[in-house]
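Trainee: Got a structure here, written out as structure tokens. Questions coming.
The values are calculated or read from the model by the stated rules, or taken from the named source; none is laboratory data. This is a predicted model, so every value here is computed, not measured. Note that each Cβ is placed from the backbone with ideal geometry, even for glycine, and that neighbours are counted across all protein chains shown.
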Amino acid sequence: MKNSFFQFLKDILKELFSNKVNFFFMFLALTISLIALNTIYSLGLSAKKQVLDSLASVQFGKDAMLIIAGGGRIIGLTTTRTDTLTLEDVKELEKLDFVKLASPMVRGTLEVSYKDFAEKIRVEGVFPNYTVANNWYPKIGRFIDERDLKTMAKVCVLGADIPEKLNKKIVLGEKIKIAGEYFEIIGVLEPKPSYGHFRRDERVIIPFTTAQRRVFNKDYIDAVKLLFKEETDIKLAEKKIREILRKRHNLYGIDPDDFRLITPELAISVFTKTLRTINMFLLVIALISLVISGVIIMNLMYANIEEKAPIIALRIAIGASPRKIIEHYLIMSFFIASISGFAGWILSLILMEIISFFTPLKPIFSWWVFLLSFSFASFTAISFTLIPAIKASQIEPAILLKSL
Amino acid sequence: MVEKLVILRGITKTYKTGNVASQILKGIDLEVEEKEFLAIMGVSGSGKSTLLNIIGLLDKPDSGTYILDGQEVSKLSKNELAYIRNRKIGFVFQAFHLVPWATALENVLMPLLYRGSFKKEDEDRALQLLTRLGLEKRINAKPSELSGGEQQRVAIARALITKPKLLLADEPTGNLDSKSSQEVMKIFKELNEEGLTIIMVTHDPEIAKFAQKIKIIKDGVFVER
């Protein structure tokens, strides 16, 4: 019994390999579209993982909120005044019982230079609690302290990418120039993963008071990061904070907010929504290419069956039932699907590695991709072979004697 | 009393080519007894191949009854016909119809692929048949490596592997030289003497001589000589 099936299989494979060109093109068509499908799917997984990782590593956490001055959409230009958020607002918010910590900042993009090098870099004026609020600590040196604030010290902490960016081995104690003034380097932050074009490690941090009085010269603040006590209902907190800020900023009725409240959920959803849209689009393209490869397989199967018609007629004459003939060709296409599925999977892993050289996306290994590859390959190959196989099963064995 | 293996009554068959319908068989009656060796002769277009197709269950008659080995078979489904062909009928064709990528042995075993089981004895039997037909040294040869006579002998072995009751041959020597033709016909004669019923279609009187009985078909009916 086992032997019989083995012989049956051997016969199918011999037939398949009897026309290697035909077989090769079926394999190629399927494999190429599978590589596309697998790679796009893996890249999607990888990008999503990195967004989540980078959000997690800032510990935006579930108990946090970022308030940004200026109203408008979550990402994009502000559509209102941006000079209305103040330290008084922050003091008011700190009185709320669910607020554990508030870390205000002023920020802007300024020319930062060191010896011959100069570049526009994001500069942030912050309080010492910035480290706790963002779970971000210096890797070497120290962070800004209360004394720096009181004395409006001209000191700075660099993001992890800055020393490299200025192209020098900058050491602690040296001075860099920010907007024309010299600042002493007191520390370098630990590196944090970045997403997309926003490079989190490219920033220079200076004391809040120094920034407000000596650099930016403004009374308002640009943002404040809030940490909530555990088990805080974010929705309620958001509502309460919005109420207070609108009242303090004299906004009533249909006046739009002149601030934005960024919650972790919102941040994730904005990032992943963009990603998902792009990914869906690419996946649809990959699926279309899979259908095309299915049509190619169908055509080649038709050609194969036409070429082998006398042999199929013979099989029927010597006792193959129509079902056996259908089985014969479905098994053949399943075999093509299996090796294409495997090749498509392996090659997409290699392609991911290559892509990771050129982009920040890291290769990700997931058995889902393996499963995806095999199931889509089998589904495509088998469904597009079904019609040719049925046609083969209906070949009339009487054609064998037509030679007379 | 001798059993009747094949009984045909009033068999008709019409083929349509476009709008033109031509009746190929016009009421065929035929009885073939077990262990008979019958040759059916006729010119091109006389209907002999169509008749052989119907006897071999490769085609269905439009009307009439066909009783094969005591069973009415003219109304059976394709699956049932495939089952009967596999068990009761062996075919030998003019063009051999061997599978080109399979070895001689694999070709002989092919009918057994479409049965539920496949035993070691079957392979032994295939080797015995090939040996008997003088092909013991060619069991692993592909059809393209065999001469015409050898190919036809492989085809005969394939027809016999299922131990059929009826062997149908369609111009079995049509593609062979006279020496090979004689060899094949000797084999047929031996097989018939061992009890196998054979129906052979041919247009060659020299070949037909090997049969016990000759029937002539003309314009879709049997005629007397």
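Trainee: Closer than 17 Å to A:K308 by Cα, surrounded by fewer than 16 Cβ atoms within 10 Å (Cβ to Cβ) and either in contact with a helix residue (DSSP H, G or I) (Cβ under 9 Å, 6 or more places away or on another chain) or modelled with pLDDT under 90 (or both): does that describe A:K10?
Mentor: The answer is yes for A:K10.
Trainee: Okay, next question. Please verify whether region A:17-32 includes one or more residues that are within 23 Å of A:S375 (Cα to Cα), touching a residue at least 40 places away in the same chain (Cβ under 8 Å) and within 14 Å of chain B (Cβ to nearest Cβ).
Mentor: Among the residues of region A:17-32, at least one is within 23 Å of A:S375 (Cα to Cα), touching a residue at least 40 places away in the same chain (Cβ under 8 Å) and within 14 Å of chain B (Cβ to nearest Cβ), which makes the answer yes.
Trainee: Please work out which residue is farthest from B:D59 (Cα to Cα), limiting yourself to region A:288-331 and to residues that are among the polar types (S, T, N, Q) and touching a helix residue (DSSP H, G or I) at 6+ places or on another chain (Cβ under 7 Å).
Mentor: Among those that are among the polar types (S, T, N, Q) and touching a helix residue (DSSP H, G or I) at 6+ places or on another chain (Cβ under 7 Å), it is A:S289.
Trainee: Oh, and also: Is it true that some residue in region A:110-118 is part of a loop (DSSP other than H, G, I, E, B), touching a strand residue (DSSP E or B) at 6+ places or on another chain (Cβ under 6 Å) and at negative phi?
Mentor: no
Trainee: Among the residues of region A:368-404, what is the count of those that are within 14 Å of chain B (Cβ to nearest Cβ) and of a type in the set (A, V, I, L, M, F, W, C)?
Mentor: 8
Trainee: Quick check on region B:168-176. Is at least one of its residues surrounded by 20 or more Cβ atoms within 10 Å (Cβ to Cβ), among the β-branched types (V, I, T) and part of a loop (DSSP other than H, G, I, E, B)?
Mentor: Checked against the condition, which is being surrounded by 20 or more Cβ atoms within 10 Å (Cβ to Cβ), among the β-branched types (V, I, T) and part of a loop (DSSP other than H, G, I, E, B), region B:168-176 yields at least one hit.
Trainee: Scan (1) over 16 Å from A:P397 (Cβ atoms); (2) within 9 Å of another protein chain (Cβ to nearest Cβ); (3) crowded, with 19+ Cβ neighbours inside 10 Å for the single condition B:K119 breaks and write down its number.
Mentor: Failed condition: (3).
Trainee: Step by step: first the residues of region B:68-89, then only those that are within 14 Å of chain A (Cβ to nearest Cβ) and touching a residue at least 60 places away in the same chain (Cβ under 8 Å), then the one that is surrounded by the most Cβ atoms within 10 Å (Cβ to Cβ). Which residue is that?
Mentor: Restricting to residues being within 14 Å of chain A (Cβ to nearest Cβ) and touching a residue at least 60 places away in the same chain (Cβ under 8 Å), the top hit is B:I89.
Trainee: Shifting gears a bit: Return the pairs, sorted by first residue and then second, in which the second residue is in a helix (DSSP H, G or I) and of a type in the set (D, E), the first residue lies in region A:241-254 and is free of Cβ contacts under 8 Å to residues at least 60 places away in the same chain, the beta carbons are less than 7 Å apart, and the residues are 6+ apart or on different chains.
Mentor: none
Trainee: Give A:F334, A:F365 a once-over and let me know the one that is away from chain B (no Cβ under 14 Å) and over 25 Å from A:N22 (Cβ atoms).
Mentor: Checking each option against the conditions leaves just A:F365.
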